[in-house]
Amino acid sequence: MLVFIHLYLAKMKKQFLVTLFVLLTYLVKAQSPVYLFSYFVDNGADGLHLAYSLDGLKWEPLNQGKPFLTPTVGKDRLMRDPSICQGPDGTFHLVWTTGWWDKIIGYSSSKDLKQWTQQKAIPVMVDEPDAKNVWAPELFYDNATKEYYIIWATTIPGRHKEVPTSASEKGLNHRMYSVTTKDFKTFSKTKLFFDPEFSVIDAAIIQQANKQYMMVLKNENSNPPEKNIRITATKNLAKGFPTTVSKPITGDYWAEGPAPLQVGEYIYVYFDKYRDHKYGAVRSNDGINWEDVSDLVSFPKGVRHGTAFTVNPTVLSNLLALKR
């Protein structure tokens, strides 16, 4: 009986791999895009995880759910909030939160998402003696200026308009900061990127089909609690985003870590329903009206804050070829 079960499972696995190979071969020939999602699990100690999707709805873990890169920088040596952006030369750049109270950002790069360069710390807030943290860095490549933006949230006590806070978040009042770079060797001076006069974290940028830049972000106000996702948009990234933001595009639940992704006619925004311990999503075909499609999406177990991005099918084929 055990032999029969073993043979049956082996046959099913072979059929799955054959079906997947045929599908990916078709996608490669058609050059249809596929999608990857970078994320962490638990507290981020074990490193970078990746999932893939062919339709933006069903996401499956890669590498049998094992990490692709283990963190080595920062006081806590964590790899939270991993953000990946592929440059015009095909190189994948990765930044992440190294710890709860660090003043640095972790960085590494890869040509194939399997082999990574030596990790280094980008000292974005070391010149701010009162800075409490550097959270959730996000990467965006701007074709107009041929440079990368790194944006993140930091609290500097007394720097900005105070907001009422809960006892658990006393002293935290975040604003978005940024640096730019063309090569990840030299960086612009750190500057204030976005100040909507409320506590804001987890901002991420996507460029729409009409060339307008959209930024999704979390209103982090805690008293009374907001904890929802909102958007703002601009036609000129260098001039920044309007600080008057939309009403919440997420529902009556706490959400964070928004990850925007263009899938066909829709912009999806995936997010962590962190109190419910599951992932959700909304989508829009005009950037104004949003539909909650949380019931349509599925993610690997334990997925936490990450980034969604489009890749060539060949990239996914090579990742799926990893020893199973």
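The values are calculated or read from the model by the stated rules, or taken from the named source; none is laboratory data. What you are looking at is a predicted structure, and each value in this text was computed from that prediction instead of being measured. We place every Cβ from the backbone using ideal geometry, glycine too, and count neighbours over all the protein chains shown. To get the accessible areas, we keep the full protein, side chains included, count just its heavy atoms, and leave off ligands, DNA and RNA. Shrake-Rupley method; radii C 1.70, N 1.55, O 1.52, S 1.80 Å.
Things to note:
- The 3J(HN,Hα) values that the Karplus relation (6.51, -1.76, 1.60; θ = phi - 60°) gives for the stretch 47-59 are, in residue order, x, 7, 10, 10, 10, 10, 8, 9, 10, x, 10, 9, 10 Hz. Gly and Pro appear as x.
- Rounded accessible area per residue of the stretch 30-168, 1.4 Å, Å²: 41
- Using θ = phi - 60° and Karplus 6.51 cos²θ - 1.76 cosθ + 1.60, couplings along the stretch 188-199 (whole Hz; Gly, Pro as x): 5, 5, 4, 9, 5, 9, 7, 9, x, 6, 9, 5
- Among the listed pairs Lys103/Lys161; Lys75/Lys189; Lys75/Lys170; Lys58/Lys111; Lys114/Lys273, those beyond 27 Å (Cα-Cα): Lys114/Lys273
- Length-normalised contact order of the stretch 221-307 in % [C-alpha pairs under 8 Å, at least 6 apart]: 21
- In a DSSP loop and with at most 10 other Cβ atoms within 10 Å, there are no chymotrypsin sites (Phe, Trp or Tyr not before Pro) in the stretch 229-324.
- Other-chain or far-sequence residues with amide H under 5 Å of Asn133's (modelled H): Thr155
- The chain: C-alpha pair distances exceeding 28 Å, %: 39
- The region of the chain that goes longest without hitting one of the GluC sites (Glu not before Pro) in a DSSP loop, each with at most 14 other Cβ atoms within 10 Å, is 1-161.
- For the stretch 227-267, the ratio of Cα radius of gyration to the globular rule of thumb 2.2 N^0.38 Å stands at 1.36.
- Placed amide H near Glu147: partners under 5 Å, 5+ positions off or other chain: Asp142
- Whichever lysines have a C-alpha closer than 25 Å to that of Lys211, once near sequence neighbours (fewer than 8 apart) are set aside: Lys146, Lys182, Lys191, Lys235, Lys239, Lys247
- Summing Cβ point charges (Lys, Arg +1; Asp, Glu -1) relative to the Cα centre of the chain gives a dipole of roughly 880 debye.
- Its relative contact order, with pairs defined as Cα atoms under 8 Å and 6+ residues apart, puts the chain at 16 percent.
- A Gaussian network model of the chain, with springs between Cα atoms under 10 Å, assigns the largest mean-square fluctuation among Asn223, Asn173, Asn63 to Asn223.
- Farthest toward the positive end of the dipole of the stretch 193-304, out of Pro225, Ala238, His277, is the Cα of Ala238, where the dipole comes from beta carbon charges about the Cα centre.
- Helix 2-30 vs. the chain, principal-axis angle (Cα, 0 to 90°, nearest 10): 60
- Accessible surface of the stretch 201-324, 1.4 Å probe, proportion on carbon and sulfur as whole %: 46
- Helices in the chain, meaning DSSP H runs of at least 4 residues, each add -39500 (n - 2.57). Divided by all residues, the mean residue ellipticity at 222 nm is -4000 deg cm²/dmol.
- J(HN,Hα) series, the stretch 135-148, from Karplus relation 6.51 cos²θ - 1.76 cosθ + 1.60, nearest Hz, glycine and proline x: 10, 6, x, 10, 9, 8, 9, 9, 5, 5, 10, 6, 9, 9
- Label-to-label distance, Glu291 versus Asn318, with points set 7 angstrom from Cα along the beta-carbon direction: 3.6 nm.
- Counting only residues at least eight positions apart within a chain, or on another chain, the aspartates and glutamates with an alpha carbon under 14 Å from that of Lys185 are Glu147.
- Distant-in-sequence amide contacts of Arg80, defined by a placed amide H-H separation under 5 Å and a gap of 5 or more residues or a different chain, comprise Thr97.
- Counted charge near Val263, where neighbours are those whose Cβ lies closer than 14 Å (Asp, Glu -1; Lys, Arg +1): -1
- Solvent-accessible area per residue for the stretch 198-237 (1.4 angstrom probe, square angstrom): 33
- Each principal axis of the stretch 55-161 carries a Cα extent, and these read 45, 35, 31 Å when sorted largest first.
- For the stretch 247-324, the per residue solvent-accessible surface stands at 49 Å², with DNA, RNA and ligands left out and a 1.4 Å probe.
- Cleavage-rule hits, trypsin sites (Lys or Arg not before Pro), the stretch 142-234, DSSP coil, Cβ neighbours within 10 Å at most 11: Lys146, Lys161, Lys170, Lys185, Lys189, Lys211
- Euclidean distance between Cα centres, the stretch 33-111 to the stretch 113-158, Å: 14
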